[in-house]
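Just dropping this structure here.
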Amino acid sequence: MEIPTPSSQIDPVKLVPESRFKFACHKGLSCFTQCCRGIDIILTPYDILRMKKRLGLTADEFLHAHTDVEILEKTMLPVVRLKMREEDGSPCPFVTAEGCRVYEDRPATCRYYPVGMVFLKKQDVPDKEEFYFMVREDHCKGFAESREWTVAEWRADQGLDLYDERNRGWMEIILRKKSLGPTAELSPKALQLFFMVSSNVESFRRFVFESRFLSAYDVPAERIEKMRNDDLELLEFGFEWLRGVLYGDRGVNLKPEAEADRDRRNDASAETRDS
């Protein structure tokens, strides 16, 4: 999976964390904010948490006002895309002449630029491979600046270690789905659950605390209390739970009585199919 980047020319060179490049972006450049036009930004779960809080919106309000739903290529998983303005060459709605008005909470895609990252994961191979590449747009003057970085230094400067860690569960689910190939279809219900956890932590909190969820799953009381008020704790739990729902992984276990009830229902369903 490739971390989304603006439409551009990609240098056909695989970069590693120690690879060096020269780049700087500031208001004095004639191309300032040009990279914020004509772009397709997939918002990660942590992007959504940061941006909705910055704007003082609920998840529902943020998703309605600022996003569209998109089906991710090769996985058929639903994701959230930042909605661009329709006028002025489709610039990002948060861009002004002075720069980005949500800069401190800008999405991971914006933080990576002009670096791109690719995740690769093969079926039945537990570890994933990741590498980097350079994105070069004709209008960008930043590469003529003297400031030199390694890829690792750029990541640290842009706060990407935090973003990648917060999005790790989401990314692992996407990579696993991709490695299984197009024939591994998920049910509409599974896709709905994936989208809820990925994009609307408030809906997921209601799902957990206002349904029979906690009577069915064995979740420690201490963790339940953290999830009640901490979006990050709930998000981490959500992707741990989803791995079991989507792929049968062990992580969030059903209580014995709920597991027995599930097995009875599965046996009854199998008998109905065979009759």
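Filter the range 11-55 for residues that are assigned to a helix (DSSP H, G or I) and not basic (Lys, Arg) and give the result.
Scanning the range 11-55 gives 34, 35, 36, 45, 46, 47, 48, 49, 51, 55.
List pairs: first in the range 170-198 and free of Cβ contacts under 8 Å to residues at least 40 places away in the same chain, second part of a helix (DSSP H, G or I), Cβ under 8 Å, 6+ apart or cross-chain?
184/177; 196/203; 196/204; 196/207
When you look at residue 177, is it open to solvent by 50 Å² or more (accessible area, probe 1.4 Å), not in a loop (DSSP other than H, G, I, E, B) and not hydroxyl-bearing (Ser, Thr, Tyr), yes or no? I'd like the intermediate steps shown before the answer.
On the way: open to solvent by 50 Å² or more (accessible area, probe 1.4 Å): no; not in a loop (DSSP other than H, G, I, E, B): yes; not hydroxyl-bearing (Ser, Thr, Tyr): yes.
Judged against the criteria, residue 177 is not a match.
If you check residue 208 against the conditions, is it surrounded by 18 or more Cβ atoms within 10 Å (Cβ to Cβ), out of contact with any Gly (no Cβ under 8 Å at 6 or more places or on another chain) and free of Cβ contacts under 8 Å to residues at least 40 places away in the same chain?
The answer is yes for residue 208.
Also: Consider the range 211-236. How many of its residues are touching a Phe, Trp or Tyr at 6+ places or on another chain (Cβ under 9 Å) and either in contact (Cβ under 8 Å) with a residue 60 or more places away in the chain or not β-branched (Val, Ile, Thr) (or both)?
Here the count works out to 9.
Oh, and also: Note down all Cβ pairs under 7 Å where the first residue falls in the range 136-153 and is in contact (Cβ under 8 Å) with a residue 60 or more places away in the chain, the second is assigned to a helix (DSSP H, G or I), and they're at least six residues apart or on different chains.
Correct list of pairs: 136/143; 137/35; 139/34; 140/35.
Does the range 180-193 contain at least one residue that is at pLDDT 95 or above, crowded, with 17+ Cβ neighbours inside 10 Å and more than 16 Å from the chain's Cα centre (by Cα)?
no
What is the residue count in the range 189-218 for residues that are outside any helix (DSSP H, G or I) and in contact with a strand residue (DSSP E or B) (Cβ under 8 Å, 6 or more places away or on another chain)?
The number of residues fulfilling the criteria is 2.
Tell me which residues, restricted to the range 126-160, are closer than 27 Å to residue 26 by Cβ, at pLDDT below 95 and open to solvent by 50 Å² or more (accessible area, probe 1.4 Å).
136, 138, 139
Can you pull out every residue in the range 31-54 that is open to solvent by 20 Å² or more (accessible area, probe 1.4 Å), modelled with pLDDT under 95 and at negative phi?
Result: 32, 34, 35, 36, 37, 39, 40.
Sticking with this structure for a sec: Search the range 219-275 for residues being modelled with pLDDT of 95 or more and not in a helix (DSSP H, G or I), and hand back the single one that is farthest from residue 198 (Cα to Cα).
That would be 220.
Now a separate question. I'd like to verify a number: residues in the range 155-188 that are in contact with a strand residue (DSSP E or B) (Cβ under 7 Å, 6 or more places away or on another chain) and under 17 Å from residue 70 (Cβ atoms), how many? Steps first, please.
Filtering the range 155-188 for residues in contact with a strand residue (DSSP E or B) (Cβ under 7 Å, 6 or more places away or on another chain) gives 171, 174-175, 177.
From what is left, the residues that are under 17 Å from residue 70 (Cβ atoms) are 171, 174, 177.
Count: 3.
What pairs come up if the first residue lies in the range 97-116 and is of a type in the set (Lys, Arg), the second is not in a helix (DSSP H, G or I), and their beta carbons are under 7 Å apart, counting only those six or more places apart or on different chains?
Hits for this filter: 101/94; 106/100; 111/158; 111/159.
The values are calculated or read from the model by the stated rules, or taken from the named source; none is laboratory data. It should be emphasised that the depicted structure is a prediction, and the values quoted were computed from it without experimental measurement. Please note: Cβ atoms are built from the backbone with ideal geometry, for glycine as well, and neighbour counts cover all protein chains shown. These accessible areas exclude ligands, DNA and RNA; they are computed on the full protein's heavy atoms, side chains included. Shrake-Rupley method; radii C 1.70, N 1.55, O 1.52, S 1.80 Å.
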